[in-house]
Amino acid sequence: MKLRIQCNCSNIDWNCVSDILKKVGMAYFEGEVHKKAFENSYTVVFVFDDEKLIGFGRAISDGIYQAAIYDVAVLPEYQGENMGKTIVNSILKSIPKCNFILYASPGKEAFYENLGFRKMKTGMALFYNAEKMHTRGFIE
Ligand SMILES: CC(C)(COP(=O)(O)OP(=O)(O)OC[C@H]1O[C@@H](n2cnc3c(N)ncnc32)[C@H](O)[C@@H]1OP(=O)(O)O)[C@@H](O)C(=O)NCCC(=O)NCCS
């Protein structure tokens, strides 16, 4: 394995981002939609094995004290090899002394707990597609 971490959006195959999100069961859109989302994010992290994109994550932020993490995904065949941890830690390092929030995919809470995250007691969300998010187990 020849790993490379990239923290900008240059030369990313956005259809590949969409494919990976689809493969791991996360929300996915046309490549162009992900391009906009990542380009408009404060921090982006992409991991490659040689030339192959194998994982990524991003954070939107004011760059000072508040940030939210989204789209953390690792290709199934590369999971369990610390890629997810590397992606999240490199997002955390990009904005020191900052608060980070996220909502874990149902069943993935322990992955974030392992990285120091704790469940929020007062977290609230207004989802565009609330019914879908309810069905998927994200909201009460
Ligand atoms: C969740 C995900 C990003 C984790 O990435 P990964 O590369 O498989 O995880 P890592 O190998 O970096 O694991 C880091 C640590 O978390 C633990 N961990 C990983 N997945 C876990 C899980 N589902 N539950 C509990 N612990 C988990 C590992 O055991 C490891 O522990 P250690 O540091 O004590 O050895 C990856 O499995 C994935 O892409 N899943 C599908 C998409 C998804 O659900 N993304 C999260 C959206 S919120």
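How would Ser41, Ser105 line up by accessible area, probe 1.4 Å, largest first? Intermediate results must be reported in sequence, preceding the final value.
On the way: Ser41 20, Ser105 40 Å².
Order by accessible area, largest first: Ser105, Ser41.
What is the percent carbon and sulfur in the accessible area of the chain, measuring with a 1.4 Å probe over the protein chains and ignoring ligands? Mind dumping the intermediate values first?
On the way: 4680 of 9190 Å².
Answer for the chain: carbon and sulfur cover 51 percent of the accessible area.
Taking all Cα pairs closer than 8 Å and separated by 6 or more residues, the relative contact order of the chain comes to 18 percent.
Accessible surface calculations at 1.4 Å, restricted to protein heavy atoms, place the chain at 66 Å² per residue. Tell me which aspartates and glutamates have Cα within less than 17 Å of Lys119's Cα, excluding those fewer than 8 residues away on the same chain? Correct list for Lys119: Glu109, Glu140.
To the nearest 500 deg cm²/dmol, what mean residue ellipticity at 222 nm is calculated for the chain from DSSP H runs of n ≥ 4 alone, each contributing -39,500 (n - 2.57), summed and divided by the residues?
When only DSSP H runs of four or more count, the value is -8000 deg cm²/dmol.
The distance linking region 90-126 with region 21-52 is 19 Å (Cα centroid to Cα centroid, whole angstrom).
What does the highest-first list of 83-93, 21-31 look like by mean Cβ count within 10 Å?
Values: 83-93: 18.5, 21-31: 14.0.
In descending order of packing, they fall as 83-93, 21-31.
Within a straight-line Cα-Cα reach of under 14 Å, Lys2 can be paired with the following aspartates and glutamates, leaving aside sequence neighbours fewer than 8 residues apart in one chain: Asp49, Asp50, Glu51, Glu81.
The values are calculated or read from the model by the stated rules, or taken from the named source; none is laboratory data. A quick note: this is a predicted structure, and the numbers were derived from the prediction, not measured. Counting neighbours? That spans all protein chains shown, and the Cβs are built from the backbone with ideal geometry, glycine included. Each accessible area value is taken on the protein alone, full model and side chains, heavy atoms only, with ligands, DNA and RNA left out. Shrake-Rupley method; radii C 1.70, N 1.55, O 1.52, S 1.80 Å.
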